[in-house]
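Here's the structure we're looking at; comments come further down.
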Amino acid sequence: MTTKHCFSCGAPVAPKAAHCSNCGAKLAGNPSSYPSAPPPPPPQEWFSQQQAQQQPYGNQQYQQQPYGNQPYGYSQPPVYYNQKNKIVAGLLGIFLGGFGIHKFYLGRIGWGIVYLLFCWTSIPAFIGFIEGIIYLASNDHNFHMKYSR
């Protein structure tokens, strides 16, 4: 005598049982109409084809693979070419912002010259103070993405 399987949980049940012994689900209908085995899972290639169709442009080579359990999928912090310290830039902006020293430090030479040209008006000092606070209040990732080249 062959065993049948429950539709709810897939556990084997006796051919003439009215309820599943595993989950307690009521087995309705003719017991001989139950499948003899649960359906086999689809082949692994089918899943990869489905995932490829869901990717942008339908191509898996553009998919970014996450590495590790770190936020944004990084296992190491991203590497920036020109790492500037945001605390130094913020303090230069607060104390010497009127002369554009913080702009020279960040590699923005043109803006540094503009600040030097208008330092006598005290407008660059006010703007430099505000920029220094912005530098200090931003997180490291956003600061480096915006100001490191």
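Any read-out appearing in this document is the output of simple, stated calculations on the displayed coordinates, not a laboratory observation. Since the model is a prediction, treat every value here as computed from it, not as a measurement. Methodologically, a virtual Cβ is constructed for each residue, glycine included, from the backbone with ideal geometry; neighbour enumeration extends over all protein chains shown.
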Averaging over every viewing direction, what projected area does the convex hull of the Cα atoms of segment 86-147 cover, in nm²?
3.4 nm²
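R0 = 22 Å: FRET efficiency of W111 with H141, Cβ-based, nearest 0.05? Mind dumping the intermediate values first?
Details: r = 23 Å, r/R0 = 1.04.
The computed FRET efficiency comes out at 0.45.
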Put a dot 7 Å past each Cα toward the Cβ at I87 and I130; how far apart are the dots in nm?
2.7 nm
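Quick one: H141, H5, H102, fewest Cβ neighbours within 10 Å first, how do they rank? Walk me through the intermediate numbers first.
Values: H141 13, H5 18, H102 27.
Fewest-to-most ranking of H141, H5, H102: H141, H5, H102.
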